[in-house]
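The values are calculated or read from the model by the stated rules, or taken from the named source; none is laboratory data. What you see is a predicted model; the values in this text were computed from it and never measured. Heads up, the Cβs are rebuilt from the backbone with ideal geometry, glycines too, and the neighbour counts pull from every protein chain shown. Please note that ligands, DNA and RNA were not included when accessible areas were found on the heavy atoms of the full protein model with its side chains. Shrake-Rupley method; radii C 1.70, N 1.55, O 1.52, S 1.80 Å.
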Amino acid sequence: MNPIKRYIIWLRRMSYSRGFGVQSPSAYRFIRYVISEHYPYYAYADLRKKHPTLNWLTRKRMELYFRLANFCRTKLMVDYSKDSSLLADYVAHGCKMTRVRNVVSELSGGDTVDDSFDDVVMRLVRICPIAGCEAFLEKALAESDQSSVFVIEDICSDAVAHRMWQQLVESEKVSVSYDLYYCGIAFFDTDRHKTNYVVNF
C-alpha cells in the first residue's frame, strides 16, 4: 500500500488509538494488550530473521495473529486461505499448543466443507477473501459457539470481505467486534453487550 494512503488511514482513525474512550474494561484490555500491544516479544526478532522479506502489512497482521493465539490459547485455529505456512509459524510461536488447519488445502483433495469440519468447533478462525469464502463462513457460523473468535481480512479493501464482515457484525451470534481496517475480529460471547469498535491498528 502507498505510504501516503497508510498515513491518511492512520490519521482518520487517530482518535481510536490504544483504547481511548472505550468504556468496557474487557474491550479496553483487548485493544490495549492484544491489538495495540507494542511490547517487543522475544519471538518477533527470531521470526523477522526467519521471514525477512515480508511486507509491512503482512508482518503487522502476522504479529497480531501471534498475540491473538497467545490470548485465545486454543488447540486449533481453522484457516481459510491459500497458504497457512506463514500463519502457522507465527501462531505456533504465540501459543505452542495451537495447530493451524488449512481448509482450502483439504478441499483441494476432494473433501467438502461439510465432510471435513462436522467434528470441529470453530474456536479461532481466519477467513481471507478468496473463492468459496462466503460458503465457508456460513459453515463456520453453524459450527461456532460462545468461545469462538473469527477474523476476516481486508474488510475495507475487498467487497466480498466487507460483505462477510457486515454479516458477522449484524449476526445475533456475534457480540463484540473490532474493525481494524486491514481486518476485523469478532467475538461470539453473547453475555457481552453488542458493540462494534473502530480501532486504529
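When every alpha-carbon pair in segment 28-168 is counted, what percent end up more than 25 Å apart? More than 25 Å apart: 25 percent of the Cα pairs in segment 28-168. Note on Ala135 and Leu76: the model spin-label points, each 7 Å out from Cα along the C-beta direction, lie 2.1 nm apart. The length gained on full extension between Glu172 and Val198, counted as 0.36 nm times the residue separation minus their Cα-Cα distance, comes to 7.4 nm. If we count every other residue with Cβ under 12 angstrom of Ser171's Cβ, Lys/Arg +1 and Asp/Glu -1, where does the sum land? Local net charge: -1.
Distance between the 7 Å Cα→Cβ label points at Asn55 and Arg32: 3.4 nm. Computed about the Cα centre, the dipole magnitude for segment 42-201 is approximately 940 debye when only Lys and Arg (+1) and Asp and Glu (-1) carry charge, each at its Cβ. For segment 48-201, averaging the sequence separation of C-alpha pairs within contact (under 8 Å, six or more residues apart) and dividing by the residue count gives a relative contact order of 16 percent. Solvent-accessible surface of protein heavy atoms, probed at 1.4 angstrom with all chains present, puts Thr190, Thr74 in the order Thr190, Thr74, largest first.
Computed about its Cα centre, the charge dipole of segment 39-107 is approximately 180 debye, with only Lys, Arg, Asp and Glu carrying charge at their Cβ.
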